[in-house]
């Protein structure tokens with residue numbers, strides 16, 4: 001099915017949360033914000049459904065309804081937060097470490113579930129992704145190819161390609177102030193940008209090191 005179903009007033013939404021990515025990056029900036037994100041998902045879920053703007057053309061929508069709620073987390077590090085999401089009607093997918101370096105399968109689980117949602121009997125107009133991981137860029141492009149819309153929350157630095165691949169980028173400051181109720185003041189832009197870029201570089205180098213380590217430890221044929 002292409003485009004919006006005729007006469008649709010409800011914006012059907014699928015929500016996918018990369019818990020580790022959002023929580024860790026929030027904690028680096030404001031521990032209170034990270035705690036509120038992890039322990040009170042009802043608050044920011046209500047904000048998403050009732051206050052996040054619906055800026056998409058092609059349909060006259062009166063409300064947003066989040067029909068799929070999935071949270072992917074590493075139970076080895078964050079199991080204490082699992083019950084909070086379960087009580088908020090999330091499907092929680094445990095993604096434990098698969099390598100000695102702590103690499104989890106969160107990204108591949110999220111991608112497979114998003115692709116499944118594209119062919120679901122329910123027509124999902126919108127996909128909301130909470131993650132700053134640029135590995136999701138290809139799936140965002142695929143969502144666009146299917147004439148669906150995507151909204152992204154990235155805490156900290158997000159690559160230009162990743163930002164360009166989504167239809168709407170939730171501002172971190174707006175999310176922290178209105179969805180979490182945190183009085184958040186952004187740092188001077190120049191200083192913040194340098195810090196975010198350095199952090200992104202460190203993450204990229206770590207990922208490269210992990211993959212080199214995995215390749216080096218594979219058994220020889």
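A few points about this structure:
- With contacts taken as Cα pairs under 8 Å and at least 6 residues apart, the stretch 10-185 reaches a relative contact order of 27 percent.
- Legend: ranking of residues 22, 182 from fewest to most surrounding C-beta atoms inside 10 Å; resulting order 182, 22.
- Whole-Å distance, taken between Cα centres, linking the stretch 26-58 and the stretch 94-151: 18
- The mean sequence distance of close C-alpha pairs (under 8 Å, at least 6 residues apart), as a share of the length of the stretch 31-94, puts its relative contact order at 36 percent.
- The label point for residue 79 and the one for residue 118, both projected 7 Å from the Cα toward the Cβ, are 3.5 nm apart.
- Put in order of Cβ neighbour count within 10 Å, fewest first, the listed residues 168, 149 become 168, 149.
No value in this document is a laboratory result; all are computed from the given coordinates. Small disclaimer: the values here were computed from a predicted structure and weren't measured. Cβ: placed from backbone, ideal geometry, glycine included. Neighbour counts: every protein chain shown.
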